[in-house]
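K.L.:
The structure is given below, and queries will be raised subsequently.
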Amino acid sequence: MSKKPVIVFEGIEGSGKSHHISVISKYLKRNKIAFIKLREPGGNINSEKIRKLILDKKSNFNKITDLLLYLAARSENIQLIRKYYKKKIILIDRFTDSTIAYQHYGFGVDLKLINFINNYLLKKFKVDYTFLNIVNYKNMIKRLKLRKSLNRYDKFNSRFYQNVQKGFLKLANKNKKKYKIINSNLDIKMNENLIIQSIKKLI
């Protein structure tokens, strides 16, 4: 594995992925290790504009439009990602697994369509390691209630999130060597330490 790996943090809402990527960012800064951090959707000026459209509570896109908007945001990030690929550690808050978990396992969009466009956009770009954060529905709801505001993707029913999380787990189980499953129902400090120790080995 490259010592400047691409590391992705995945999981449903309230699973702690954004918290952990923030903790790892601070760890890398303290140790003066070069990295970039992106989020999807988002990451650069154009992608952030698309993010606002997707997550706006007033938006009511059909599932194909939603997919294409996510992939459009990714398309805007590719140039930035390629610029630093193998040159710096790349941390990404959500990536291709989220597209498959939400759009295919959650909404039922054809997986072949998702893979076709992803492969076209990414070409030889590969993710080296993924931290998949899982959380039960009770804790997810408890954490969402603590947020100052909720977006469109914070308000689906429990069955939807269950299907999405099962989708994530299916992806992880297909390639266990490149995934670490983090049980976000457990102590957050313990998980922080677990992830930091894993990061040390990766870099």
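K.L.:
Please arrange Tyr70, Tyr84 by how many other C-beta atoms lie within 10 Å of their C-beta, fewest to most.
P.N.:
Tyr84, Tyr70
K.L.:
What full-extension length gain, to one decimal in nm, is calculated for Leu186 and Leu146 as 0.36 nm per residue of separation minus the Cα-Cα distance?
P.N.:
12.6 nm
K.L.:
Taking the Cβ of Ile24 as the centre, find all other residues whose Cβ is under 11 Å away and add up their charges (Lys, Arg: +1; Asp, Glu: -1).
P.N.:
My count for the surroundings of Ile24 gives +4.
K.L.:
Using 30 Å as the Cα-Cα cut-off, could you pick out the over-long pairs in Lys124/Lys166; Lys29/Lys112; Lys83/Lys200; Lys49/Lys138; Lys3/Lys189; Lys26/Lys178?
P.N.:
Long pairs (Cα-Cα over 30 Å): Lys29/Lys112; Lys49/Lys138.
K.L.:
Could you line up Arg39, Arg147, Arg30, Arg152 from fewest to most neighbouring Cβ atoms inside 10 Å?
P.N.:
Arg30, Arg147, Arg152, Arg39
K.L.:
Still on this model: Ranking Ile50, Ile181 by Cβ neighbours within 10 Å, fewest first, what do you get?
P.N.:
If I rank by nearby Cβ atoms, fewest first, I get Ile181, Ile50.
K.L.:
Here is a further query. With the crude spin-label approximation of a point 7 Å out along Cα→Cβ, what separation in nm comes out for Ile78 versus Phe116?
P.N.:
Between Ile78 and Phe116, the simple spin-label model gives 1.5 nm.
K.L.:
Further question: Over region 1-113, what is the relative contact order in percent, taking alpha-carbon pairs closer than 8 angstrom and at least six residues apart?
P.N.:
Reported as a whole number, the value is 42 percent.
K.L.:
Distance in nm between label sites at Asp56 and Ala34, each 7 Å beyond Cα in the beta-carbon direction?
P.N.:
Result for the modelled spin labels: 3.9 nm.
K.L.:
Moving to a separate point now. Given the rule -39500 (n - 2.57) for each run of at least 4 DSSP H residues, summed and divided by the residues of the chain, what is its mean residue ellipticity at 222 nm, to the nearest 500 deg cm²/dmol?
P.N.:
Calculated from helices alone, the mean residue ellipticity at 222 nm is -16000 deg cm²/dmol.
K.L.:
Sticking with this one: Which three extents, in angstrom, do the Cα atoms of the chain have along their principal axes, listed largest first?
P.N.:
44, 38, 33
Readers should treat all values here as calculations from the given coordinates under stated rules, not as data from a laboratory. None of these values were measured; they are calculated from a predicted model. Note that we place each Cβ from the backbone using ideal geometry, even for glycine, and neighbour counts take in every protein chain shown.
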